[in-house]
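All remarks here apply to the structure that follows.
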Amino acid sequence: MSALMTLTKVNYQVGSHHILHDIDWEIQAGAHITMTGPSGSGKSTLVRIIAAMISKTSGELIFDGQPIETYDPIMYRRQVSYCFQQPTLFGETVADNLAFPYQIRKQPVDTAHVQEALENVGLTAATLTQRIGDLSGGERQRVALIRNILFLPKILLLDEVTAGLDEANKTIVHQWLKHMNRDHHVTTIMITHDAGELAAAQRMVTVSAGRLEETR
Amino acid sequence: MNLAVNNTSLFLAAMLVLVALGISLWQKLGLDKDIVVGVLRAIVQLVIVGYVLKYIFRIDNVWLTLAMIGFIIFNAAWNAKKRGAGIPHALPISLLAILISTGVTLGVLILAGAIKLIPSQVIPISGMIASNSMVAIGLAYRSLNTQFRDQRQAVLERLALGANLLDASITIVREAIRTGMAPTIDSAKTVGLVSLPGMMSGLIFAGVDPVRAIKYQIMVTFMLLSATSLGAIIACYLAYRNFYNERKQLK
């Protein structure tokens, strides 16, 4: 495996408050990495920097051989996709949400592909017409995840996406993630505090007080 | 014409200010100072503008007329900017939006022969157009500020999915334009039923046949719709980008 992303001495500070200290990290293409650490340790900040949602204060971030600054942020985010904890769904129906990735790319909706994606997370085509207010927490999270992968990104960043889900929903998401990683070669980085997910992690990094350590 | 507000009647009418002042003091609204300042400013500004307009109408010079219109537009932009607190470049954006909305609307009215290119017609009409555009832009700015704060998470998620800035903001921009135009549309619906608006009232006061006066009011309704929609759309489309930084991140 080769390095898809390399972070060198990445720092992030707000005023005089240092949130991340000299992060050095090499992310291999096709890796499935679990990230953990105490609340407020800087995990989400690090992942948001990787997702180009915020900019590092100093250091270097190389993606696919080029510094992050050389990419148009919009095009970059289509390759390095970030899924939020407790996502907001748009519009009125599930279909509105799954049409969004096509709309922003000025492409017609590929209905067959959308249906396949729904089935992969245990939902059916009938879900498309459901109003977002009628969805359960697990269904909302799964719809949000599909939005991120209808156009496959190279890296998928998941910020505690299974927090608050029941075991059945967690299992669906885990299996789907494995499928994304193994069959579609999507590099995944998942932030979690979940004991089961931490126990099952093959590769793990821990962020503590703004410093990153590869722990497994 | 039977227009007879003499100085004595005006002085007696000033008693009405005491009503507002009394309510403010009685209900401890803390508005007494604002009321006094507001009234004094209104008197001073109107007296000055009265003499300035008298002079401009008498001279009838195109450059002087344009300068007066420019002055109106600048003041309108300055006031609209105040509603856009926190939006960078709000003054030049407001200036451009009010300049274009006033210019286009005024141009159409002149070309259509609805008004003549003489100071006594062009200046009051410009004032009406610019002030309505100013209110629409001010409301649109406030709506942008509120929505970008309240819908921050949704905007972040659209960005994270790879949306460009317009796609990430379009629902907010549309709502802000709608908010800016709403008072004009509402007043268009109720005109004549709830209020006899300024233009029409003024003409009727001056002794013009009400049927002729309504033609002017219909024209005013058309021009205000044009002015507020142009002003709001230009201001919103220029302002929304300022909620993002150069790396296309939400500030």
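Per-residue answers, yes or no, for (1) under 22 Å from A:A112 (Cα atoms); (2) more than 14 Å from chain B (Cβ to nearest Cβ):
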site	(1), (2)
A:N148	yes, no
A:F151	yes, no
A:E167	no, yes
A:M180	yes, yes
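Yes/no per residue for (1) facing chain B (nearest Cβ under 8 Å); (2) without any contact (Cβ under 8 Å) to a residue 60 or more places away in the chain; (3) farther than 17 Å from B:L159 by Cβ; (4) not acidic (D, E):
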position	(1), (2), (3), (4)
A:Q79	no, no, no, yes
A:L89	no, yes, no, yes
A:E92	no, yes, yes, no
A:A95	no, yes, yes, yes
A:I104	yes, yes, no, yes
A:P108	no, yes, yes, yes
A:T111	no, yes, yes, yes
Original post:
Do the conditions hold for A:S44, that is, is it buried (at least 20 other Cβ atoms within 10 Å of the Cβ) and either in contact with a strand residue (DSSP E or B) (Cβ under 9 Å, 6 or more places away or on another chain) or assigned to a strand (DSSP E or B) (or both)?
Top reply: yes
Subject >> Selection within segment B:183-234 - under 30 Å from B:K81 (Cβ atoms) and small (G, A, S) >> reply: B:S187, B:A188, B:S195, B:G198, B:G202, B:S226, B:A227, B:S229, B:G231, B:A232
**OP:** Mind telling me which of the residues A:A52, A:A31 ends up being in contact with a strand residue (DSSP E or B) (Cβ under 8 Å, 6 or more places away or on another chain) and farther than 30 Å from A:A195 by Cβ?
**Re:** A:A52
Original post:
Just for segment A:58-76: of the residues that are within 13 Å of another protein chain (Cβ to nearest Cβ) and in contact (Cβ under 8 Å) with a residue 24 or more places away in the chain, which one is farthest from B:Q249 (Cα to Cα)?
Top reply: A:L61
Subject >> Condition check for A:G122: at pLDDT below 90 and on the phi > 0 side of the Ramachandran plot >> reply: no
Subject >> Matching helices (runs of 4 or more DSSP H) fully within segment B:113-202 where at least 2 residues are among the hydrophobic types (A, V, I, L, M, F, W, C), within 14 Å of chain A (Cβ to nearest Cβ) and in contact (Cβ under 8 Å) with a residue 12 or more places away in the chain >> reply: B:152-160, B:165-190
Original post:
If we scan segment B:112-135, do we find a residue that is at pLDDT 95 or above, of a type outside the set (F, W, Y) and under 15 Å from B:L250 (Cβ atoms)?
Top reply: no
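Every residue, every condition in (1) of a type in the set (D, E); (2) in the same structural domain as B:A90 (by TED's automatic domain parsing); (3) on the phi > 0 side of the Ramachandran plot; (4) crowded, with 16+ Cβ neighbours inside 10 Å, yes or no:
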| position | (1), (2), (3), (4) |
| --- | --- |
| B:L111 | no, yes, no, no |
| B:E157 | yes, yes, no, yes |
| B:L165 | no, yes, no, yes |
| B:I177 | no, yes, no, yes |
| B:I214 | no, yes, no, yes |
**OP:** Go through segment B:8-60 and give me each residue that's without any contact (Cβ under 8 Å) to a residue 40 or more places away in the chain and not in a helix (DSSP H, G or I).
**Re:** B:A14, B:Q27, B:K28, B:L29, B:G30, B:L31
Original post:
So which residues in segment A:11-27 are of a type in the set (D, E) and either under 13 Å from A:K43 (Cα atoms) or without any contact (Cβ under 8 Å) to a residue 60 or more places away in the chain (or both)?
Top reply: A:E26
Original post:
Of the residues in segment A:90-116, how many are modelled with pLDDT under 95 and of a type in the set (A, V, I, L, M, F, W, C)?
Top reply: 1
**OP:** Identify all residues within segment A:166-216 that are aliphatic (A, V, I, L, M), crowded, with 20+ Cβ neighbours inside 10 Å and either part of a loop (DSSP other than H, G, I, E, B) or free of Cβ contacts under 8 Å to residues at least 24 places away in the same chain (or both); write none if there are none.
**Re:** A:V186
Subject >> Verdict on A:Q130 being polar (S, T, N, Q), within 11 Å of chain B (Cβ to nearest Cβ) and either closer than 26 Å to A:A168 by Cβ or under 16 Å from the mean Cα position of the chain (by Cα) (or both) >> reply: no
Original post:
If you check B:A140 against the conditions, is it under 30 Å from A:L98 (Cα atoms) and buried (at least 21 other Cβ atoms within 10 Å of the Cβ)?
Top reply: yes
Original post:
Any residue at all in segment B:9-19 that is of a type outside the set (F, W, Y), in contact with a helix residue (DSSP H, G or I) (Cβ under 9 Å, 6 or more places away or on another chain) and closer than 30 Å to B:A206 by Cβ?
Top reply: yes
**OP:** Filter segment A:179-216 down to residues that are of a type in the set (D, E) and out of contact with any Ser or Thr (no Cβ under 7 Å at 6 or more places or on another chain), then give me how many there are.
**Re:** 2
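The values are calculated or read from the model by the stated rules, or taken from the named source; none is laboratory data. This structure is a prediction, so every number in the text was calculated from the model and none was measured. When we count neighbours, we look across all protein chains shown, and the Cβ atoms used for this are built from the backbone with ideal geometry, even at glycine.
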